[in-house]
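FYI, it's all coordinate maths here, none of it is from the lab. All figures in this text were calculated on a predicted structure; none of them were measured in a lab. Every residue, glycine among them, receives a Cβ derived from its backbone with ideal geometry; neighbour counts consider all protein chains shown.
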Amino acid sequence: MVTIGVGLPAFCAELEAALERQGLTDVAAQVRSAQIQSRCSCGESDCASFTVQSSRALNVVERNVIGERYRGSHEIEGLEGLVVVDLDNFGRLMQIEVLYRPDVADTLESLHLAGRAG
Ligand SMILES: [Zn+2]
């Protein structure tokens, strides 16, 4: 897998700056090293959403006792298109929803990720 910093360098810089502006510094710190997993399978041509694996690993208690769950989303302001970050209950990045960003979609396409349906 490739990290956001390597696979989507321009988008990475934009997103980090926007997260910082919104005070989401913990999330901003995870963006560059998060690994791009797979693209959203909705099949919408405007959708460039993708799931990520945070570089912050869970410990045994977090993983086996607490368990990871979807916690909430933040819509990111000041970016072209629509960008929403989804976080788990440990505040780790799970998914980045990206709409109306052909530049991001094209770059993701060139990475040949698995998981894209249609
Ligand atoms: Zn989608």
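Quick look at the numbers
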item	result
Efficiency of FRET from Cβ geometry, LEU82 and LEU111, R₀ 22 Å, rounded to 0.05	0.55
Amide H partners (placed H, <5 Å) of VAL52, local residues excluded	GLN37, GLN95, ILE96
Estimated vicinal HN-Hα couplings, Hz - the stretch 97-104 in sequence order (Karplus 6.51, -1.76, 1.60; Gly, Pro = x)	8, 10, 10, 6, 10, x, 5, 5
Estimated inter-spin distance, CYS42 and SER73, nm [label 7 Å along Cα→Cβ]	0.7
Calculated over the stretch 29-98: convex hull of Cα atoms, volume per residue (Å³)	97
Degrees separating the helix 9-21 axis from the principal Cα axis of the chain, which is the longest one	60
Calculated P(r) of the chain - Cα pairs past 19 Å, %	43
